[in-house]
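Input: a single structure, listed below in structure tokens.
The values are calculated or read from the model by the stated rules, or taken from the named source; none is laboratory data. Keep in mind that this is a model prediction, so the values were computed, not measured. Please note: Cβ atoms are built from the backbone with ideal geometry, for glycine as well, and neighbour counts cover all protein chains shown.
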Amino acid sequence: MTTFDDLGLSQKVLSAVTDAGYTIPTPIQEGAIPPALERRDILGIAQTGTGKTASFVLPMLTMLERGRARARMPRTLILEPTRELAAQVHENFEKYGKNHRLNIVLLIGGVSFDEQDRKLERGADVLIATPGRLLDHTERGKLLMTGVELLVIDEADRMLDMGFIPDIERIVKLIPFTRQTLFFSATMPPEIQKLADKFLQNPARIEVAPPSSTAATVTQRLVACGSKDFEKRETLRELIRSQTDLKNAIIFCNRKRDVADLFKSLDKHGFSVGALHGDMDQRSRTNMLQGFKDNEITLLVASDVAARGLDIPDVSHVFNFDVPIHAEDYVHRIGRTGRAGREGAAFTLVARRDGKYVEAITKLITRDIEWLNGEAVADTGDDDTESKPRRGRRSDAKSSSPRRSGRDNKRGKADSDEQAPAQLVDEKMDAAVAAPTDVANIAERASENAAPEPEQAKAARAKPARQDRSKRPEPQETPQPANDDRNRGRRGRNNEDRDPTPVGFGDEIPAFMMIGAGQ
């Protein structure tokens, strides 16, 4: 059996690892540490919670024992997607590097620039940063990247896939080409692999688990629920109360707004709960995480900002209040429990509209997820909108009926959702559809019975189209009809115009066409 003594680490590092209580490396550590010490590029793929952080922290500490940092010129750089993950890596360096005299600088948002500048002035052996804050310091002329010997991109799929690509490319151009590059991630889709190839040269690929797999120690279940938010919240509360072995739990939502709403709901119902999302300032986020780690808070409602790499060793449960839109996020979410060989449980609330997301998840992890209490998959198959017509769209039964008039369109929502009786539909169809000969007869009768228009109606009516000048009509008087009721109720005119249809120019003959008419 391989031990840390067999990996080529320095004695100082081995002493710190032993003090931390570790003797046997995880598979990703066993596979990645030796080639990293040989200065090879690394592409490490392993499910979350398997010790990827130590896979690059330990060899970096060994290599950094030689050399000295210079002001504003870091020797190594570690890029992280979130502040929390960057802070966690910083803690690992402090734990395993306690026998080293290294300057470790953390550059993240929410912290004063001046304080970070003072730390950079003393020199950074290890620089841990989020891309945005790193570029801010670089653009201000406070940081030079020409001395970086080793670059680590942690959670590579998220760094490259979720909007960090331009920032990563800019940062890589600032670093010497002869650097050593390490990639570590839980998921590596093919399209992301192509991007990773741009930054790695002949890498050693260490894949200790199938891509996008989940830990076998985590019990996964799907829970059917209603589509309304209050129904989902009620289902979640019942589910939490039914877990007799629940010690603490992280509850994931897709949106920051939902995090705040769910936090208020759980707090109102007497649960010990906290919230964590990207809009919180750094001090609040740090205090909230610390309170959860210290068991001062039982439930932590969070967005995906907390799903990546947070090392909270003993989380017993994970609840997905929302099914993640991106299947890869499911792997990272449930990876918060069942860490380091412990057992855990992950429950995902599934509404009817979430069927396609569940299908994408099962395809990614190449396994089916059982339903709690044996609910059938059909219960959450298609969206509710498939079973009843959407607002503004007709169902199949209505699609064959004629378009409603403007007066019918003024009806309320209840009328629009109801099916018209078959007899009424037939009557409307008979009235709306006429043969060409009937249309001609109607037009002829309209021209015979057309009444002279009032002066106001003449002024409001649109200007008629031009006709051939060679066919100038003579002014005629239109007979006054005894009753114009037959013209009322006719449809097909623009804007429900009730005035009779003019023939030719009607009474508005242009003056220039009247020249010579009286001669």
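Tabulated results
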| read-out | value |
| --- | --- |
| Every residue from segment 174-210 that is within 13 Å of Ile42 (Cβ to Cβ) and exposed (fewer than 14 other Cβ atoms within 10 Å of the Cβ) | Gln201, Asn202 |
| Elements of type helices (runs of 4 or more DSSP H) contained in segment 318-425, each with 1 or more residues being at pLDDT 50 or above and surrounded by 15 or more Cβ atoms within 10 Å (Cβ to Cβ) | 327-334, 355-365 |
| Residues that are more than 30 Å from Gln11 (Cα to Cα), surrounded by fewer than 19 Cβ atoms within 10 Å (Cβ to Cβ) and in contact (Cβ under 8 Å) with a residue 40 or more places away in the chain, drawn from segment 97-114 | Gly109, Gly110, Val111 |
| Near pairs, Cβ below 7 angstrom, 6+ apart or cross-chain, from segment 41-56 (crowded, with 24+ Cβ neighbours inside 10 Å and part of a strand (DSSP E or B)) to any residue that is at pLDDT below 90 and of a type outside the set (Phe, Trp, Tyr) | Gly44/Lys52; Ile45/Ser185; Ile45/Met188; Ile45/Glu207; Ile45/Pro211 |
| Enumerated helices (runs of 4 or more DSSP H) restricted to segment 156-268, each holding at least 2 residues that are in the same structural domain as Arg72 (by TED's automatic domain parsing), closer than 25 Å to His326 by Cα and touching a residue at least 24 places away in the same chain (Cβ under 8 Å) | 156-161, 165-174, 190-196 |
| Failed item, numbered, when Ala32 is tested on (1) surrounded by fewer than 23 Cβ atoms within 10 Å (Cβ to Cβ); (2) at pLDDT 90 or above | (1) |
| Breaking point among (1) under 15 Å from Ile128 (Cα atoms); (2) within 35 Å of the chain's Cα centre (by Cα); (3) of a type outside the set (Gly, Ala, Ser), for Met73 | (2) |
